[in-house]
Every structure is written in structure tokens, then in C-alpha cells.
Amino acid sequence: MAGTDRRAVRRARRSRPTIFNSALDVERWTFDVFGKHRMKRYLITGASRGIGRAIAEKLAVEDTVLLLHGRDTVALAQTRKAVEPRCAKVILLVHDLAKVSGVSDLIAQVGSGPIDLLVNNAGVAVVKPFTEITPIEWEQTVGVNITAPFLLTQRFVPRMPPGSSVVNILSVAAKTAFPNWSAYCMSKFALEGFSRCVREELRDRKIRVINVYPAATDTEIWDRVEGRWPREKMMSATQVADAVTFALARPTDTLVESIMLSSLAGNL
Ligand code: NAP
């Protein structure tokens with residue numbers, strides 16, 4: 001970008017509105033200030049903390065609009081603060097993905113503009129013996145970990161141009177059974193099956209479906225898991241985000257289908 005163009009972009013950023021209430025507002029940021037070059041739009045769910053925030057930090061580059069989803073507005077604002085100086089625009093999407101109505105509201109807020117990358121990252125982990133899992137916990141797991149990625153993929157993929165990508169943050173629990181992780185494993189196994197089929201449906205459209213399978217990663221998800229877990233043996237969220245950016249940076253005709261990630265410290 002030429003120097004005068006950069007100055008114009010900076011001026012436009014300074015005068016931008018900070019609150020986006022409607023799909024119309026969101027779509028205004030599909031084009032740059034000159035209305036010519038279409039900016040890339042990346043949507044990341046669960047970007048308020050952990051792996052989602054780390055991915056947002058890696059993907060924050062010039063000419064990119066980041067659509068960052070979460071529920072916790074304070075945490076989401078922290079992510080925004082970290083990435084905003086490095087990208088064209090940040091749009092915050094605050095919705096509860098456990099409910100279909102929350103997913104629909106997110107879709108309505110994003111509007112009809114193209115999406116170049118969808119990262120299905122938001123997730124919950126209910127960890128307890130299967131005899132103790134409540135129907136509500138089961139439903140929330142299905143809602144956030146399966147139904148939300150299904151609906152978002154179904155809705156956004158038709159408007160993705162060739163060369164776009166869908167990234168699903170799965171888990172080693174999409175491949176391996178662990179005692180007390182039945183609800184979580186169920187959801188990740190299910191999302192894996194869905195996304196592998198979608199990958200085959202999208203090859204002709206040149207859209208890549210990239211599945212990432214991290215082992216234990218040191219994030220706040222573990223705060224809610226009973227027991228003592230050795231954080232020092234876990235990977236960092238940044239290591240997972242590095243793997244995502246590696247896969248995305250391959251030439252668009254190269255598909256990194258699956259990335260299995262573990263710490264050299266070994267399994268927990
Ligand atoms: P985290 O720090 O707890 O973050 C989870 C994210 O999901 C947050 O942004 C949270 O939003 C969002 N989320 C949870 N419930 C939601 C709901 N009902 N509606 C909308 N958003 C919701 O966990 P993380 O470790 O980064 O996990 C990210 C993904 O990586 C998950 O899919 C997880 O299964 C997967 N994963 C994690 C590990 C690990 O060891 N950490 C390993 C393998 C895979 P708010 O906080 O704003 O509510």
C-alpha cells in the first residue's frame with residue numbers, strides 16, 4: 001500500500017464508529033476506504049480468551065477485518081485491544097452459542113457480506129462421570145460444540161470465495177476416549193465426522209476445511225475441570241495458533257487436512 005493510502009486508512013480508522021449494531025454497519029467494512037479493494041473478513045468464535053484469542057492475535061494483519069465472537073464483553077474487549085492496532089477493523093459479536101437463537105443473532109449481525117475464514121473455536125468441556133451429566137449440560141455441549149459450528153458453516157460457506165478456509169478446533173478427544181470426558185468426546189467425535197464430510201463437499205469449490213486436534217493446552221477451560229492438572233506440561237494457546245496460521249499460509253491449492261498437536265512433555 002502506498003504511503004498516502006496508508007495515511008488515508010489511518011485517518012479513516014481514527015474517525016470510525018466504535019459500536020456496530022446492525023448487519024449494515026458490519027458490511028460497511030467489507031471494502032476499504034476507497035471502495036475498491038475488498039478486505040478479508042475473518043470470523044473467529046470464542047475469541048474472548050484462550051486459543052481463540054491467540055488465533056485472533058496471529059491473524060491481525062493490515063487489510064483484514066476481524067469479526068471476533070465471545071460472550072464475556074470485558075474479555076472480548078481485551079482481545080480487541082490487543083489486535084486492533086494491527087488490522088483494518090475489529091467487530092465484536094456477543095452471542096450465546098448454546099442457543100440456536102444466539103447463533104441466528106450472530107449470523108444476522110454478520111450480514112450477507114463474504115467471509116474468507118471461519119474459525120469454529122468456541123467450546124465447552126463438561127468433565128464428569130457419564131452418570132452425573134445433566135440434560136442441560138448435555139444440551140449445552142451439543143449446542144456450543146456441534147450445532148453452532150454446523151449452523152455457522154452451513155450459513156457462511158455459500159458466501160465464501162474460492163481460496164477461503166474453515167478451521168475447526170477439535171481436540172485429541174475427537175480421536176481418543178478418556179474416562180469422564182464422554183460428553184466432550186461425543187461432541188468432538190461428532191464435529192469431526194461432520195467436518196470431514198463437508199471437506200469433501202467443498203473441494204470442488206476450492207474451500208479448505210482444516211481440522212486441528214490439540215492435546216491439553218493451558219487455557220481457562222481447565223479452571224472448570226475438577227482435579228489437579230499439570231499446566232506446565234501443557235501446550236500454550238500460541239502454539240495452537242501457530243499451527244493454524246501455518247496451515248492457512250500454505251498455497252490455496254494445498255490443504256493441510258489435519259493437525260495433531262501434543263506437547264513434547266508427553267500426555268497428561
Ligand atoms: P477457553 O479459554 O475456556 O475459551 C472458550 C471460548 O469459548 C471462550 O471464548 C468462550 O466465550 C467460548 N464459549 C464457551 N461457551 C460459550 C457459549 N455458550 N456461547 C458462546 N461462546 C462460548 O477454552 P480454550 O481452551 O481456548 O478452548 C477453545 C477450543 O479449543 C474449544 O473448542 C476446546 O474444546 C478446544 N480445545 C481446547 C484444549 C485445551 O486443553 N485447552 C484442547 C483441545 C481442544 P466466553 O468466555 O466469552 O463466554
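Descriptive notes on the structure:
- Flag for Val209 being within 14 Å of the ligand (Cβ to nearest atom) and buried (at least 18 other Cβ atoms within 10 Å of the Cβ): no
- Residues of the stretch 215-237 that are assigned to a helix (DSSP H, G or I) and crowded, with 16+ Cβ neighbours inside 10 Å: Ile221, Trp222, Ala237.
- Residue in the stretch 187-202 that is of a type outside the set (Gly, Ala, Ser), within 14 Å of the ligand (Cβ to nearest atom) and buried (at least 20 other Cβ atoms within 10 Å of the Cβ) present: yes
- Helices (runs of 4 or more DSSP H) enclosed by the stretch 8-121 - at least 1 residues per element that are away from the ligand (no atom under 16 Å from the Cβ) and at pLDDT below 95: 23-27
- Subset of the stretch 65-113 [out of contact with any strand residue (DSSP E or B) (no Cβ under 8 Å at 6 or more places or on another chain), more than 15 Å from Val144 (Cβ to Cβ) and among the basic types (Lys, Arg)]: Lys81, Arg86
- Against the test of being assigned to a helix (DSSP H, G or I), more than 10 Å from the ligand (Cβ to nearest atom) and surrounded by fewer than 18 Cβ atoms within 10 Å (Cβ to Cβ), the options Thr131, Thr147 yield a single qualifying residue, Thr131.
- When each of Val83, Val119, Val90, Val65 is tested for being free of Cβ contacts under 8 Å to residues at least 40 places away in the same chain and within 26 Å of Leu202 (Cα to Cα), the lone residue that passes is Val65.
The values are calculated or read from the model by the stated rules, or taken from the named source; none is laboratory data. Please read all numbers here as calculations on a predicted model, not as lab measurements. Reconstructed Cβ throughout: ideal geometry from the backbone, glycine too, with neighbour counts over all protein chains shown.
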